[in-house]
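Working notes, structure below.
Here, each number is a calculation from the coordinates, and none is a lab measurement. Just so we're clear, the structure is a prediction, and the values are computed from it rather than from any experiment. Here the Cβ positions follow ideal geometry from the backbone for every residue, glycine too, while neighbour counts run over all protein chains shown.
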Amino acid sequence: MQNFDYQTPTRLIFGENAIAKLKEVMSALGKKVLLTYGGGSIKKIGLYDKVKDLLKDFEITELPGIQPNPKYDPSVLEGVRLCKENKIDVILAVGGGSVLDCSKAIAAGAKYDGDPWDLISYKVKAQAALPIVDIITLAATGSEYDCGGVISRTETNDKIGYVDPLLFPVASFLDPRYTFTVSKKQTAAGCADAMNHTIEQYFAEDTTLLNDGFCESMLKSLMVNARKCLENPEDYTARAEMMLCCTYGCNGILSLGNSESGWPCHGIEHALSAYYDITHGEGLAIITPRWMKHILNGHTLPRFVKYGINVFGIDASLPKQEIAEKAIDATYEFFESIGIPMHLREVGIGEERLDEMAHHIAVNEGLENAYVPLTEKDIKEILVASL
Ligand code: NZQ
Ligand code: ZN
C-alpha cells in the first residue's frame, strides 16, 4: 500500500430539508454572498426563492447563467470581478457540477491580483480562496465533496481540472428531492460519470481488498439506483443513494493507498467536451468500454476478471479471457440500456479532428503515466474505436 496524506474538510448536510441549516452555516462565513447558478433550473424547482428567503438578511450579488462545461470567459472572469467589486465574503453555489466548479475557480481568482488563468493553469499557486458553500442539484461529479473544478477555455480548446485543497467547499447541502427534476439524459450521464470515477480508481496498481470492495459496491449501487431513478424520477430512496454514491466518487476516498491510475478516460473525455461541448458523462460512457478493450492484456486480465465476477456476476468458472470480454461488453450494454448514445458520431463528433485531439491529449494529459500508459497512437486508436 502506498503512503498517503488525506483530508476532506467538507461538512456534508444530507437529507430532506437539509437547507434548513443554510442560514446557520452561512452566518459563520460573512454577510456578503455571491450566489452562483446555471441556466434557470433552480428557479423552476423553487430552490432559488427558498434560498433568497432563508438568506433575506444577507447582501446577495448574483452570477446567473453558468453553462455546462463552465467557461472561463465569461463566467469565471465575471464572477471574480463581482467578488472584488462587492467585497464578497462567501460564495454560495446552487446547481450541478458546472456551477460548483466555476465557483471554485472564482473563489481562488477573487483572492488573486493577476489573471485567474495563472491559477487554473498551475502557473501560480493560489495563496487563499473565498469560502464556498453549495447546494448540489445533480448527482454526478462529486464536486460537492472534492477540491477540484473543471474549467473550459474555448479559444484554446482547453478543459483543465483545477485542483487545490483550498477549494474544498466548507459545507455541501444534499437534498435528494432537488434531483427529482433532473432529466433522463442527465441522470444517465451522472451515473456514467460516477461509475467512471470509480472505474478510474479500480483499474490501478496496489489496490486493496478494502478499496476493491468499496468500488465494486459503488458500481453495483449506481447501476441499480440509476435504473430506479429513470423508472421513477421521484423515488426518494434511489435518488438519495445515487446522490451519496456520486459524492464519494471523486475525492480520492475510493483509492487511498492505491497507485495513481492517471484517470485516462477523463484525460480523453476532457478533450472531447473541450472541442465539442458534449455532456461529460456521455463522453465517458462512450470512451470507457473502448479504453477497456484497448488495455486488456496479460497484465490487466486479473483486474478485468475480478471486475466481471464481482460487479456483473459473470460465471467465475469460465475462461479468464472470456470473463474479461464479457465484463467489457456488460459495461457497454449497461450504458446503452440507460439510454446513453454510445458512438461519438451520435454526439456530433466525426473523424475530422481526431488527430488534433489525440495530439492535444497526449501533450496535456500525462497519460504516458496512466495505469496502462497511453501514447498518442493509443489515444487515436481509442478515439477511432469510439466513432
Ligand atoms: O444550468 P441549469 O439550468 O441549472 O441546468 C443544468 C444543466 O443544463 C441541469 N440541471 C442541474 N440540476 C438540475 C438540472 N435540471 C433539472 N433539475 C435539476 N435539479 O443539468 C444540466 C447539466 O448540469 P451540469 O452542472 O453541467 O452537470 P454535471 O453536474 O454533470 O457537471 C458537469 C461538469 O462537471 C465537470 C465536468 O467536466 C463538466 O464540466 N466535472 C467536475 C468534476 C469535479 N469537480 O470533481 C469531476 C468530473 O469528472 C467532471 O469532470
Ligand atoms: Zn467525471
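Points worth noting:
- Whole-number D in µm²/s for segment 132-172 (Stokes-Einstein; Kirkwood sum over Cα pairs; 4 °C, 1.567 mPa s): 115
- A straight chain from residue 227 to residue 27 at 0.36 nm per residue would run longer than the Cα-Cα distance by 68.1 nm.
- Taking the fewest neighbouring Cβ atoms within 10 Å as the starting point, the ordered list for 224, 80 is 224, 80.
- Pairs from 52/87; 23/159; 87/123; 111/185 whose Cα-Cα separation, in the structure shown, is over 29 Å: 23/159; 111/185
- Using the average count of surrounding beta-carbon atoms within 10 Å as a protection proxy, the listed peptides 182-194, 84-96, 60-72 rank, highest first, as 182-194, 84-96, 60-72.
- Summed over qualifying helices (DSSP H, 4 residues or more, each -39500 (n - 2.57)) and divided by its residue number, the chain shows a 222 nm mean residue ellipticity of -14500 deg cm²/dmol.
- Full-stretch length increase - residue 256, residue 375 - with 0.36 nm per residue and alpha-carbon distance subtracted: 40.2 nm
- Residue separation of residue 20 and residue 342 scaled by 0.36 nm, minus their Cα-Cα distance, works out to 111.8 nm of gained length.
- Using Cβ point charges alone (K and R +1, D and E -1), the dipole size of segment 227-344 about the Cα centre works out to roughly 380 debye.
- Beta bridges assigned by DSSP with both partners in segment 87-225 are antiparallel in approximately 40 percent of cases.
- Residue-by-residue Karplus 3J(HN,Hα) for segment 28-38, coefficients 6.51, -1.76, 1.60, Hz, glycine and proline x: 6, 10, x, 9, 9, 10, 9, 8, 10, 7, x
- Euclidean distance of C-alpha centroids, segment 164-232 and segment 373-387, integer Å: 26
- For the peptides 40-47, 103-110, the ranking by packing is 103-110, 40-47, with the highest mean count of neighbouring Cβ atoms within 10 Å listed first.
- With Cα atoms defining each centre, segment 1-49 and segment 56-74 are spaced 14 Å apart in the structure.
- With neighbours defined as other Cβ atoms within 10 Å of a residue's Cβ, the residues 294, 197 order from fewest to most as 294, 197.
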